[in-house]
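To start, the structure under review is shown below, and the notes come after it.
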Amino acid sequence: MNYRQLVLAGILSLLAFALWTSLEFKQIAAGVAIFLFGMLSLENGFRQFTGGFLERVLRQTTDTIPKSLGFGIVSTAIMQSSSLVSVITISFLSAGLLPLITGIGIIFGANLGTTTGAWLFATIGMKMSLSAFALPMLVFGVVLNFQQPRALKAVGAILAGLGFLFLGIDFMKEGFVSYQSAVDLREYAMTGVTGLLVYTGLGILATVIMQSSHATLALTLAGLATGQITYENALALAIGANIGTTVTALIGGLGANIAGKRLAGAHLLFNTATAAIALILIEPLRWSVDFLSALMSIAEHDYTVKLAMFHTLFNCLGVAVMLPLISRMASALERWLPEREEESAAQPKYLNPAAMDSPDSANAAVRREVWHLFDQAFVILAHGLHLHREQIRNCDDLEATINNSRERIDIDIDLVYRQRVKRLYSAILDFISGRMTRMSSASSTESLYRLQHAASEMVEAIKHVKHLRKNLTTYMVADNIAIRKEYNDLRLRVAMVLRETHRFYEGKFDDASTAILELDEIAVRARVDRESMVARVTKLLGAKRIDSAMATSLLNDSAYASETVDAILTGTRSLLTATDVEAARTTEALSVSDAGQAEITV
Amino acid sequence: MGFKDLVATLDDVLRKRDKGKSLKRKELKRLEQALKKKRAKYLKRLYSGSAEETPSQIEVRLRVVEAQLAKLRELRAEASL
């Protein structure tokens, strides 16, 4: 047992003890758990519901900072999830579809949008008994969640999420009411600067533990509504929640690429600065809240609504102060968090406007860039097979290495594709279409078409490996030796093709024509391997060493492996033939066709 | 365009066609040499054994090279017509 497991076991034991000894604590903790579950369900529902819609809106409405700010406010206010908005923003930043400055604008907006949550809880959540309609919401939500259409499913998840959210608040309120009869938490209230700092710290801690500023705010509001937390301390807790929420973003940013890290940095800077401003200007802010409350006819002792107003006000103040500094913040973050070598490797290296001037330089630049794309795709394909690039390239006995390796490489293929390949692919397509508008010889144009085809085939290979990986990840570590061995054979089939074609990417061939002919050998060998696997699967199924579900998965995945192999080989062939189109025609005539390949069996 | 110009153009076209054919023949000859060399290499590997590949894998390679050589001979026969 390592120290992490020990700490977790300790925390769980403490929690179990607290739940066992205190009924009130159990009620509040259950409320928090139900609330957090509701947040998850709500986020999940919106994720299904958006289905690309949010991404389309994001692409079209974030070309200026005010628009990106507006997008952040509106989307977070509707979905009540700043983390969902942050995740989509990070993915757009990583793919180079958004500049950092606009991404920061969205994060500022999301911080403002999230303040609507406090209003929702302070008005509807605290003033009404929510269980009356939280329970019907849950029932309808669950029923809709069982439906087939995606939209209905999404509505169901959103309804259930809201139901859980309100039910959680009700539990928290009741928990605090029960506490009143047992312990008066106001005895622990603190005043002055000490109280401000201690309760800000508590707000940070609560948000870090619960990973949700909404949960801290709901808890604070419940405590405030039942009189267990003083208004002064509640303000400090709200400030703490604002700082605490950046820890969640920072943890998320650690696993992301440099764009994600910069955005998490911006989030941290904004929230810390806003919290510092709120702490320094706490008294003027309180006066402003009182003044605005009087103006809006809010009762003097309606502290829950006043807390929501304070939350909105100090976040607005933060935006007002930080917005003029947004471009400085972006350049400072780019300076503090420079791009790593591997990330700069995902930028186009050879395509530049100067190379477009002549057909020869344009073809050479595109050819080199496609080699570069192949190199990047190689890493993704290798990791997709749970292998390291060096293992495929240099290992003496690849078969033994694969059979003995059970290491799982956790990657999100979609994300790394966007980070490492999509940008290159888009740049190649843009460059080729730009070059096509100028005069070129027929062979030069054909060469460009072949290069474009080569790049698209490699992208296809990545998609096939993504499908292959789903079952592979499970079966490569399965206890059933037969299925494990067959999946390792699939890995070997693709890895061997990668190894052989990689020699070509490194320029290790005498001439393009003989290299093209050699691709036939690799293709036929992969086909023979596939056919022998099909025969083995039938035998294994007959001998009951694998079940029919395993056999079906294996045959489907064998088809994915073959499609991956075909795409790699077709891409490499297109790339090699693009060097000299005239010579390539002669070589292509020699290439063993499918019919010819079919005759070769061993 | 006069008759002389027409003849000159035709002459040009024919010369280019011949040049193309001879280039193709040259390329085919070079490829035949390369393929024969490769076949010899695989045969040697098949009889003496290889640490990298099994005999059946080498045999697959050999069959592909032989199929390519057969196609090449057909093409050379067409080119010499």
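Odds and ends about this structure:
- Given (1) exposed (fewer than 15 other Cβ atoms within 10 Å of the Cβ); (2) within 9 Å of chain A (Cβ to nearest Cβ), index of the condition B:GLY49 fails: (2)
- Near pairs, Cβ below 7 angstrom, 6+ apart or cross-chain, from region A:500-522 (at the interface with chain B (Cβ under 8 Å from one of its Cβ atoms)) to any residue that is of a type in the set (S, T, N, Q) and in a helix (DSSP H, G or I): A:SER513/A:THR587; A:LEU517/A:THR587; A:LEU517/B:GLN68; A:ASP520/B:GLN68
- Of all residues in region A:538-555, exactly one satisfies the criterion of being under 29 Å from A:ARG393 (Cα atoms), open to solvent by less than 60 Å² (accessible area, probe 1.4 Å) and either of a type outside the set (S, T, N, Q) or facing chain B (nearest Cβ under 9 Å) (or both), namely A:LEU554.
- Across region A:528-537, the qualifying residues are those that are over 18 Å from A:ILE481 (Cβ atoms) and in contact (Cβ under 8 Å) with a residue 24 or more places away in the chain, and the one among them that is nearest to the other protein chains (Cβ to nearest Cβ) is A:VAL528.
- Restricting B:ARG39, B:ARG76 to those that are surrounded by fewer than 18 Cβ atoms within 10 Å (Cβ to Cβ), more than 9 Å from every other protein chain (Cβ to nearest Cβ) and in contact with a Leu (Cβ under 6 Å, 6 or more places away or on another chain) reduces the list to B:ARG76.
Results for (1) at pLDDT 90 or above; (2) among the charged types (D, E, K, R), shown as yes or no for each residue.
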site	(1), (2)
A:ALA256	no, no
A:LYS261	no, yes
A:PHE270	yes, no
A:LEU281	yes, no
A:PRO284	yes, no
A:LEU292	yes, no
A:LEU307	yes, no
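Residues are listed down the side, and each one gets a yes or a no for (1) in a helix (DSSP H, G or I); (2) within 30 Å of A:PRO338 (Cβ to Cβ); (3) open to solvent by less than 40 Å² (accessible area, probe 1.4 Å); (4) in contact with a strand residue (DSSP E or B) (Cβ under 9 Å, 6 or more places away or on another chain):
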residue: A:THR194; (1), (2), (3), (4): yes, no, no, no
residue: A:LEU202; (1), (2), (3), (4): yes, no, no, no
residue: A:LEU217; (1), (2), (3), (4): yes, no, yes, no
residue: A:LEU221; (1), (2), (3), (4): yes, no, yes, no
residue: A:ILE229; (1), (2), (3), (4): no, no, yes, no
residue: A:ALA238; (1), (2), (3), (4): yes, no, yes, no
residue: A:ILE243; (1), (2), (3), (4): yes, yes, yes, no
residue: A:LEU269; (1), (2), (3), (4): yes, yes, no, no
residue: A:ALA275; (1), (2), (3), (4): yes, yes, yes, no
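- Residue match in region A:433-441 (condition: buried (at least 16 other Cβ atoms within 10 Å of the Cβ) and over 31 Å from the mean Cα position of the chain (by Cα)): yes
- Verdict on A:PRO338 being out of contact with any helix residue (DSSP H, G or I) (no Cβ under 7 Å at 6 or more places or on another chain), open to solvent by 60 Å² or more (accessible area, probe 1.4 Å) and either of a type in the set (A, V, I, L, M, F, W, C) or closer than 23 Å to A:ARG418 by Cα (or both): yes
The values are calculated or read from the model by the stated rules, or taken from the named source; none is laboratory data. Predicted model, so just to flag it, every value in this text is computed and none were measured. No Cβ is skipped: glycine too gets one built from the backbone with ideal geometry, and neighbour counts run over all protein chains shown. Just the protein is used for accessible areas: all its heavy atoms, side chains included, with ligands, DNA and RNA removed. Shrake-Rupley method; radii C 1.70, N 1.55, O 1.52, S 1.80 Å.
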